[in-house]
Amino acid sequence: MTGSRHAALPREPTFRQRIAVGFAVAFLLIAITGAVSYYALHQTALSDRLFAHQARDVIEFGRLRATIEQKMVAARGYLITGDEKFLFEIQQRHQELQEQIRKLRKGDLTKRERELLAEIDAAEDEHQKATEDAVNVRTQGEHAGYFAENVEPARASLERRLSAFLSHEKQILEQTDSASAQKNSLASSLIVVSGFASLGVTAILAVLLTRRLARLYETERHERALAENTRRRYRDLVEGIPGGIVWEADAGTLRLTFVSRRAQEMLGYPADEEHAQPDFWTRLIPAEDRERVLATAARALQNETEEQFEHRFLAADGRTVWFQTRIRLSREEGKPPVLRGLSVDVTRLKEADNALRLRARQQAAVVELGQEALVETDLVRLSERACEVVAETLGAELAAVFKVLPGSRDLLLKAGVGWKEGVAGSETVPATAAAQPGYTLLAGEPILVQDLRAEKRFGSLPLFDDHGVRGGASVVIPGTPSALGVLAVHTRSPRVFTGEDLVFLQSVANVVSAATGRKIADQAVEESERRKAAILHGALDAILTIDYEGRVLEFNPAAESLFGIPASEAIGKEMAELIIPERMRDQHRSGMARYLVTKKAVVLNRRLEMSALRRDGTEFPVELTISRISGDGPPVFTGFVRDITARRRAESDRAGLLASERQARATSETAERRAAFLAEASAALASTLDYRSTLASVARLAVPRIADWCAVDILDAKGDLLRLATSHDEHGRGPAVAEVLRYSSDLEAPHGPAHVFATGEPEVFNDLSDDILRAVARDEEHYRAARDLRLCSSMSVPLNVRGLNIGVLTFGSAIPDRRYGPEDLAFAQDLAGRASAAIENARLYRDAREAVRARDEFLSIASHELKTPLTTLQLQVQGLIRKIRSGARDSPAETVAARLTTAERQVERLTGLINNLLDISRITAGRLDLDLEPVDLGAVVREAAARSREESARAGCEIRMDVNGPCVGQWDRMRVEQVVSNLFSNAIKYGAGRPIEVAVGGDEVLARFTIRDHGIGIPPEHQARIFERFERAVSDRHYGGLGLGLWIVRQIVDALGGSILVESQSGKGSMFTVNLPRTPRKRRSAGAAAAAESSAARG
Amino acid sequence: MSETAAGKRILVVEDDRDLRDALAEILRDEGYRVSSAGHGEEALSVLRGGREEVSLILLDLTMPVMNGWQFRDEQRKDPELSKIPVVVLSAGDQLAEQIAPLEIRDFVRKPIELALLLRTVDRYCA
């Protein structure tokens, strides 16, 4: 149906259907009403029946009651009258009751009713029984009361039961009544309602139906009008479509049945005439489209789908028109299927489309070329490609890129297509306005030539003539600062190039230009990069480039060597991680971040000094300058790093040098002062050999120059420390302690001179504390005195001679700020050394002098000793000579012999003396060696006694021997003889003519030899000294030869490991006892002890 | 034999026995009478206890018990003895210095030159 407006809606039900539905509904309603009514009525009937039933029950029960009452009356009657007819009545009734009850029981009773009935039955039985009993009693005569007592209650009970039952029944009845009444009313109302309802619905339906009908009628009319309208409008539309033809064709034959009038206008064919022609289609659709069109039509017909396609159509005036046609099969009832179509003229669209397509192709070509240009680095190749593209796109036979040759007036045909062999790359054309390329270049704008022959602006070129160039388009290839060249296309036939073509050509030229420009720029960049790389590479400073993230971009060789990191490892890593010490990394990063945010350059372009990190983890000072590389985009920074370790060192060296120079100057001044002092002190020390006085003067010198207090302690022979000298400041704060103190050195003392002496180590106290003073002080007084000095610092150094400590030199300062440092200590030690040297010198000198003196003394004593026997000898000899010369005859030979014998004795004495002296000399020089062998002391003593006999006889000293048996020991025979002889001669000499007792004894270990004289004796005070070597000549203790002899004896006895002692009293004689160990303990030279003894003696 | 010697007694104070004896012998040979003492104390006792006058003392210095100096002190204290001349015999070197305090007439060095001794004795005994 044409103009179906509600194409998609579900089909509306028909009028008839409506009627049917309506009636159905009505019927339904009526049915419902009917059902309801029936139900109501039924209910009513039911209730009526129930009512009736109930009523019947009531009647029955009423009858029952009546019977019971009758029975009761009869019972009473009997009981009162005793008339037997009442008995019969009773019985009658009872049976009747039973019957009634039974009947009732059979009937339809409710449970309650049955209960009640049962109760009645039971009560009745009771009553009966009571009555029967009463009868019995009556017969017995006692009945009145019995009746009252027994029957009456039974009766009452029965009465009660009955009443209950009846009331129950009544209740039921009432209920039923009301229920049925309700049901009745309900039923009636339902009937009424349903009746009304049905009525109402029917009425409504009727109304609706009526209206519907009316409307339908109306609608139909309306629709018809609308349809007519539509048809008309449609026709107008169809006719009115601009550029569109609406048509209809028979589906079977494809013969046009309707064509809108437009067709005539558009195509020029008279309206109906042509259309009706069966080959309208086929004739006027060009062959290339026909098949496609027909196929599409067939498809539309077959599938009944809408199809759309484009095709050409030949217009009457021969134009080819492009149509976009839409066709659809249309089936209408009662009509044959029709192919409907709409064909719109899209010629212009098509043309535009083609043009667009062309342009798109061109643009694509440009883009493609552009992309190639990005990749292609060979400009010649690119130019070639450009020529290919333009030639192809524009459909030209020839294309060329003319390059400006710098320094020449020609253009080089750098690349091209369509030219003869060898032209591209070598042919040049003049860059003048005489021909197109030059003209274009000079004009600076695109030039179009439709036909070169007709061109007025310029002429041709031999090259063009050669190639038959007619048409052409050329554009400038731009460049900076001047054009690079010309891009041209040429055709062999005249050609009109469109503006689009020019645009395209220019685009290509721009691509070439850009590529060239890029190439140049790239080269420039390369060059610059090369230069930069060369600079960086050769730079002595470490240069590194970092991006805004702090990552290393560049790292020059100097940086590599400075930091010990190869560039390959550095690049890409965060600079902070690489070369900045950990503790400063965050600071650096935040600084960088701050710059990036605030753009405030706090650290840029400034010489910063900081620590940098080498790869091996060592830090070193560097000077860093950061600058930002100008440019767009994210910031890039360059850092110049210089290792300033050397500079720092130089600076610190210089500072150090300055400081040490100052220090040195100060030190040298101090040293000068000290040197002066030392010189003075040395002079003082050297001036005299009395070292005690020089030490005192040194101590005095020291104050106050280096100390407020100075003391010298010297070890004396006894091992005490002798405070030799102390010197005190005149302004001293304490009493001048100039006395010489002798105090025992407490070598256990923890501090103080004694400690220094014991350890040989110097001691320095800065800030002397009370404790130290206490430790040093010998007693409370000393401590107080020391404290009074108020010394703040003290310095004690040992005086050392040949490795042996001989004393201590102490300095003390009361000035709080004067602290003794290492230099002071060194100075003190120097002084101590000089003092020690002085002491040593003094001692050596004294020793030397002592030695000389000893020698002199020795010589004097020796000469003295020798002179005595010599004198005797001489006297004897001279006396004899005198006597003989004087011719005295009274000199008998005996006298002469006697005198000569004396002389001989003197000679012996002299010999002995000389030997002694030699011994002494040897012993002193340590040259007395012992030759040990088994010696019998007893034999030696006996021999010595024998030798001394003459002398002792002369002296009047009788020798009494107590020598029994051998007394053997390991001794030096000669020396033992010497000892014994010496003691013998002494005993004789000092024996005063009294007997001499000699004894030899001892035990296994010791041998003993004793010799006692009764002579002048030795006073006790001299006994110790008799074994000394010799005293001064002035001494009255000189015993002549005894001095030497006993000393020698002592040395020998010592050497043999024994001992000699004397017991004596003046005038009582002396006893010498010699103990000799049979095996000597020590084998030592007798000289060593002698030497030690002598120096100790000199002290 | 010396003429002056007759009747003169000389006291020889010398600790060395042999020398004492030798001196005594020599002097006796010359005709002197000789007393001898071994040391100063003995000499004093001889002088004081002596029956005869001593004309000259020959004194050794280095003696035990009482040496020459001590004796001399004692001698000078005693007016009786002090006038007796003393000649010292000594072996010491610095005799002159040592002797000065003794205030003696003369001294003779040991070893004794006999002739000198005799002459000296002769002189002072006279």
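Only the coordinates and a few stated rules stand behind these numbers; no lab work does. Since this is a predicted model, take the numbers as computed values, not measurements. With ideal geometry, Cβ positions are generated from the backbone for all residues, glycine too; neighbour counts draw on all protein chains shown.
Label positions at A:VAL636 and A:ASN915, each projected 7 Å from the Cα along the C-beta direction, are separated by 11.9 nm. Once you've got the Cα coordinates, tell me which of A:LYS85/A:LYS106; A:LYS71/A:LYS129; A:LYS403/A:LYS519; A:LYS85/A:LYS129; B:LYS8/B:LYS110; A:LYS532/A:LYS599 are over 21 Å apart. As for pairs spanning more than 21 Å Cα to Cα, those are A:LYS85/A:LYS106; B:LYS8/B:LYS110; A:LYS532/A:LYS599. Please give the net charge around A:MET795, taking every other residue with its beta carbon less than 14 angstrom from that of A:MET795, where Lys and Arg add +1 and Asp and Glu add -1. Once all neighbours under 14 Å are counted, the net charge is -4. Partners of B:LYS83 within straight-line reach, counting aspartates and glutamates whose Cα lies under 13 Å from its Cα and excluding those fewer than 8 residues away in the same chain: B:GLU53, B:ASP73, B:GLU74, B:GLU103. With contacts taken as Cα pairs under 8 Å at a separation of at least 6 residues, the range A:296-397 carries a relative contact order of 16 percent.
Provide the net charge surrounding B:ARG9, with neighbours chosen by a C-beta distance below 13 Å and charges set as Lys +1, Arg +1, Asp -1, Glu -1. Taking every other residue near B:ARG9 into account, the sum is +1. Annotation: for a label point projected 7 angstrom from Cα along Cα→Cβ of A:VAL21, residues of the range A:201-245 with backbone N closer than 15 Å are A:205-213, A:216. The residue list A:GLY370, A:VAL429, A:GLY1015 was ranked by how far each Cα lies along the charge dipole of chain A toward its positive end, using unit charges on Cβ atoms, and A:GLY1015 comes out on top. Here the range A:815-932 is assigned +1 on the Cβ of each Lys and Arg and -1 on the Cβ of each Asp and Glu. Its dipole about the Cα centre then comes out at about 780 debye.
Once the chain from A:SER568 to A:ARG283 is taken as fully extended at 0.36 nm per residue, the excess over their C-alpha distance is 94.6 nm.
Between helix A:499-538 and chain A there is an angle of about 10 degrees, using the helix long axis and the longest principal axis of the Cα atoms. Each Lys and Arg contributes +1 and each Asp and Glu -1, all at the Cβ; summed about the Cα centre of the protein assembly as shown, the dipole is approximately 2080 debye. Across the options A:ALA31, A:GLY656, A:VAL940, the greatest Cα extent toward the positive end of the charge dipole of chain A (unit charges at beta carbon of Lys, Arg, Asp, Glu) belongs to A:VAL940. Of all complete DSSP H helices in chain B, those with a Cα span along the helix axis of 15 Å or greater and a mean Kyte-Doolittle hydropathy of 0.5 or more are B:114-125. Using the Cβ-Cβ distance between A:SER668 and A:ARG784 with R0 set to 45 Å, the FRET efficiency works out to roughly 0.65. Of all aspartates and glutamates in the structure, those lying under 17 Å Cα to Cα from A:LYS883, and not within fewer than 8 positions of it along the same chain, are A:GLU894, B:GLU3, B:ASP21, B:GLU25, B:ASP29, B:GLU30, B:GLU113. Short-range pairs are left out: with C-alpha atoms under 8 Å and at least six residues apart, the relative contact order of the range A:857-977 is 26 percent. Here's the list of lysines a cross-link from A:LYS170 could span, going by alpha-carbon distance under 18 Å and ignoring same-chain residues fewer than 8 apart: A:LYS111.
If the chain between A:SER561 and A:LEU442 were fully stretched, how many nm would it gain, using 0.36 nm times the residue separation less the Cα-Cα distance?
Numbers: separation 119, 0.36 × 119 = 42.84 nm, distance 5.72 nm.
Extending this stretch completely gives an extra 37.1 nm.
Placing +1 on each Lys and Arg Cβ and -1 on each Asp and Glu Cβ, with no other charges, gives chain B a dipole about its Cα centre of roughly 340 debye. In a fully extended conformation the segment linking A:ARG530 and A:THR598 would gain 21.1 nm over its present Cα-Cα distance, using 0.36 nm per residue. Projecting label points 7 angstrom from Cα along Cα→Cβ for A:LEU608 and A:ARG960 puts them 12.0 nm apart. Here the range A:653-695 is scanned for amide nitrogen atoms under 19 Å from the site 7 Å beyond the Cα of A:ASN841 along Cα-to-Cβ, giving A:675-695. Computed from the C-beta positions of A:LYS85 and A:ALA52 and an R0 of 45 Å, the FRET efficiency is 0.75 to the nearest 0.05.
Each part gets one Cα centre, and for the range A:226-272 versus the range A:552-585 those centres are 86 Å apart. FRET efficiency for the A:ALA848 to A:GLN1065 pair, using the beta carbon distance and R₀ = 60 Å, is estimated at 0.90.
The angle between the Cα long axis of helix A:1041-1055 and the longest principal axis of the Cα atoms of chain A comes to about 40 degrees, rounded to the nearest 10.
Could you work out the local net charge near A:ALA181, counting Lys and Arg as +1, Asp and Glu as -1, over the other residues with Cβ closer than 14 Å to its Cβ?
-2
Give the relative contact order (percent, whole number) for chain A; include only Cα pairs under 8 Å separated by 6+ residues.
Numbers: 1634 pairs, mean separation 44.8, N = 1099.
In percent, rounded to a whole number, it is 4.
The modelled label-to-label distance for the pair A:VAL907/B:ASP73, using points 7 Å beyond Cα in the direction of Cβ, is 4.3 nm.
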